[in-house]
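The structure that follows is given in the form of structure tokens.
The values are calculated or read from the model by the stated rules, or taken from the named source; none is laboratory data. Remember, predicted model here, so these are calculated numbers, not experimental data. Quick reminder, even Gly has a Cβ in these numbers, built from the backbone with ideal geometry, and neighbours come from all protein chains shown. Ligands, DNA and RNA are excluded from the accessible area calculation, which covers all protein heavy atoms including side chains. Shrake-Rupley method; radii C 1.70, N 1.55, O 1.52, S 1.80 Å.
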Amino acid sequence: MHLLIVEDDPKLGRLLKRLLEEDRHLVELETTGRGGLETALEAPGIEALILDVGLPDISGLEVATKLRESGSSLAILMLTARDTVGDRVTGLDSGADDYLVKPFAYEELSARLRALSRRSVVAPTRVGTRLVNGPIALDEGLRRVSVGTRTVELSPREFSLLECLLRHPGQVMTRDQLLDLAWPYGVAVTLNAVDAYIHYLRDKLGEAGARIETVRGVGYRMAAP
């Protein structure tokens, strides 16, 4: 999953980010409510928000409320040290999908994220997301890619690789990151496989394939829109 953590405790935020990345998630980290709200509304591809209630500027409750008022269906897991029934009701009424009380075991956090992920798969508001970059358009719901008016037939691996790049325009993705995100867990492949599939992908995209830029010695990035 592509996750956003909004947590003002730097030690806890860094720890959660590291553990989630080790579990093969892609993770963004913000330390303020306003920064988290902006990222949640504007960053492409965020699937779930891990949101602390007690933030230094605006509270997590306000962040959740503003997200729902904007029409966002982003899955929200709220973190708080408050454990009364009233606190839980307030958090859920503000728009949170789930509620986890500090201190918590990482295993429970991970399980709750898996549950949110299962819900999001069947939610109608999550179906049919389109990722667009220049003439390239990818429809996640229909599993369809086009360049301008031309439909492009991609293999499942090429589709996953393009999806990863489109979700992070302008961001350098290392070969290791692309392997983790675009290949099934446990499949034995080498870093050279990334280079080969990038070549196939560029070829099928035609002139638009030039939007996939090589960052020598590091990996690849999709040109900013």
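Restricting the search to the stretch 192-224, which residues are within 15 Å of Cys164 (Cβ to Cβ) and assigned to a strand (DSSP E or B)?
Of everything in the stretch 192-224, those that are within 15 Å of Cys164 (Cβ to Cβ) and assigned to a strand (DSSP E or B) turn out to be Ile212, Glu213, Val215, Gly219, Tyr220, Arg221, Met222.
Quick check on my filter: what residues within the stretch 127-146 are among the β-branched types (Val, Ile, Thr) and modelled with pLDDT of 80 or more? Break it down stepwise before answering.
Filtering the stretch 127-146 down to residues among the β-branched types (Val, Ile, Thr) leaves 127, 129, 132, 136, 145.
Within the stretch 127-146, Val132, Ile136, Val145 meet the criteria.
Separate question: Give, as residue ranges, the strands (runs of 3 or more DSSP E) completely inside the stretch 130-180 that count at least 1 residues that are exposed (fewer than 13 other Cβ atoms within 10 Å of the Cβ) and touching a helix residue (DSSP H, G or I) at 6+ places or on another chain (Cβ under 9 Å).
Values: elements: 130-133, 136-139, 144-147, 150-152.
In the stretch 130-180, the matching strands (runs of 3 or more DSSP E) lie at 150-152.
Which one of these does Gly217 not meet: (1) under 23 Å from the mean Cα position of the chain (by Cα); (2) closer than 25 Å to Val27 by Cβ; (3) not acidic (Asp, Glu)?
For Gly217, the exception is condition (1).
Still on this model: Within the stretch 186-225, can you find the residues that are open to solvent by 60 Å² or more (accessible area, probe 1.4 Å) and small (Gly, Ala, Ser)?
Gly186, Ala188, Ala210, Gly217, Ala224
Counting just the residues of the stretch 114-126 that are farther than 18 Å from Arg167 by Cα and at pLDDT 55 or above, which one comes out most open to solvent (accessible area, probe 1.4 Å)?
Taking the candidates together, the pick is Arg118.
Which pairs turn up if I take residues in the stretch 44-71 that are closer than 18 Å to Arg112 by Cα and of a type in the set (A, V, I, L, M) and look for partners that are open to solvent by 60 Å² or more (accessible area, probe 1.4 Å) and at pLDDT 90 or above with beta carbon separation below 6 Å, at least 6 apart in sequence or on another chain?
Listed by first residue and then by second, the contacts come to nothing, as the list is empty.
Six or more apart or on different chains, Cβ atoms under 8 Å: show the pairs whose first residue is in the stretch 12-24 and more than 13 Å from Ile50 (Cα to Cα) and whose second is in a loop (DSSP other than H, G, I, E, B) and among the hydroxyl-bearing types (Ser, Thr, Tyr).
Filtered contacts from the stretch 12-24: Arg24/Tyr185.
How do the strands (runs of 3 or more DSSP E) wholly within the stretch 1-113 filter down when requiring 1 or more residues that are surrounded by fewer than 21 Cβ atoms within 10 Å (Cβ to Cβ): which remain?
2-6, 26-30, 75-80, 98-101
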